[in-house]
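> Can you keep this structure in mind? I'll have questions shortly.
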Amino acid sequence: MNKESQTILDKATALLARREHSRTELGRKLTQRGFSEPLIGEALDALEAEDLLSDLRFAENYVHHRTARGQGPLKIRYELRERGVSDDLAMQFIDADRQRWCERALAVRHKRFGSERPDDSRERSRQTRFLEQRGFETEHIRFALDE
C-alpha cells in the first residue's frame, strides 16, 4: 500500500469516526479533498470489506434519526437518494411499518399545533402544508388531521 492510499484510508476512517456515511457520500468528500478516483474506490472497497463502511447501517441510522426529528418518509427517501443510497435499501427501513408514519405525523402535528383539531379550512390548510413540508404522505396527513 502506497502513501497516498494510506492517507485516503486514514482520512476516510476519521470521517467515519465522526458519523456514518454512505459510500457515495464518503467518496464525494474524499474527491473534494483532491484524492484520485481509483485510489478512493480501492479504499472504499477495503473499508466495506472490514465492515467499517456500510450503506445498510447508514440507511438504518439515517431513517432512525430523521424520524426522531419529525421528518416523514418522502423527505427521508429523497435525502437518502441524494446521499447515494438505493431506493430499495431506503424503502427497507422506511416501509417497515406504515401505521408508524401515521402515528408519527399525528405526534408532529400535536407538538407544533397542540391536540385540538383544526377548526376551519384555513388552519387545516396551514397544518397540511406543514406536514407536507416535513415529508409526510397524504394518507399520513389525513390521519393526523382527523384524529
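> Just to be sure, is Glu20 assigned to a helix (DSSP H, G or I) and either within 20 Å of the chain's Cα centre (by Cα) or at positive phi (or both)?
no
> Sticking with this structure for a sec: Which fully enclosed helices (runs of 4 or more DSSP H) of the stretch 64-118 have 3 or more residues being farther than 18 Å from Ser54 by Cβ and not small (Gly, Ala, Ser)?
Those helices (runs of 4 or more DSSP H) span 73-82, 98-113.
> With (1) of a type in the set (A, V, I, L, M, F, W, C); (2) within 21 Å of Ser22 (Cα to Cα); (3) modelled with pLDDT of 95 or more as the list, and Ile94 as the residue in question, which single condition is left unmet?
With respect to (1) of a type in the set (A, V, I, L, M, F, W, C); (2) within 21 Å of Ser22 (Cα to Cα); (3) modelled with pLDDT of 95 or more, Ile94 is out only on (3).
> Additional query: Before we move on, is Gly84 assigned by TED's automatic domain parsing to the domain that holds His140 and on the phi > 0 side of the Ramachandran plot?
no
> Would you mind stating whether Glu123 is surrounded by 12 or more Cβ atoms within 10 Å (Cβ to Cβ) and either in the same structural domain as Leu80 (by TED's automatic domain parsing) or within 13 Å of Gly70 (Cβ to Cβ) (or both)?
When the stated conditions are applied, Glu123 does not pass them.
> OK, next. If you check Leu39 against the conditions, is it over 30 Å from Arg98 (Cβ atoms) and not in a loop (DSSP other than H, G, I, E, B)?
Against the criterion (over 30 Å from Arg98 (Cβ atoms) and not in a loop (DSSP other than H, G, I, E, B)), Leu39 qualifies.
> Could you say whether any residue in the stretch 128-139 is assigned to a helix (DSSP H, G or I), surrounded by 14 or more Cβ atoms within 10 Å (Cβ to Cβ), in contact (Cβ under 8 Å) with a residue 40 or more places away in the chain and of a type in the set (S, T, N, Q)?
no
> State which residue is surrounded by the most Cβ atoms within 10 Å (Cβ to Cβ) when the search covers only the stretch 97-115 and only residues that are of a type in the set (Lys, Arg) and under 20 Å from the mean Cα position of the chain (by Cα).
For the stretch 97-115, the residue satisfying everything is Arg104.
> Further question on the same structure: Go through Ala105, Ala46, Ala90 for me and flag whichever is assigned by TED's automatic domain parsing to the domain that holds Arg23, touching a helix residue (DSSP H, G or I) at 6+ places or on another chain (Cβ under 8 Å) and in contact (Cβ under 8 Å) with a residue 12 or more places away in the chain.
Ala46
> Still on this model: Can you tell which of Leu74, Leu39, Leu30, Leu80 is within 22 Å of the chain's Cα centre (by Cα) and either farther than 29 Å from Lys111 by Cβ or polar (S, T, N, Q) (or both)?
Leu30
> All but one of (1) touching a residue at least 24 places away in the same chain (Cβ under 8 Å); (2) outside any helix (DSSP H, G or I); (3) of a type in the set (Asp, Glu) hold for Asp51; which doesn't?
Looking at each condition in turn, Asp51 falls short on (1).
> Just to check your reading of the model, which residue among Arg77, Arg81 is surrounded by 14 or more Cβ atoms within 10 Å (Cβ to Cβ) and not aromatic (Phe, Trp, Tyr)?
Arg77
The values are calculated or read from the model by the stated rules, or taken from the named source; none is laboratory data. None of these values were measured; they are calculated from a predicted model. FYI the Cβ positions are ideal-geometry reconstructions off the backbone, even for glycines, and counts take in every protein chain you see.
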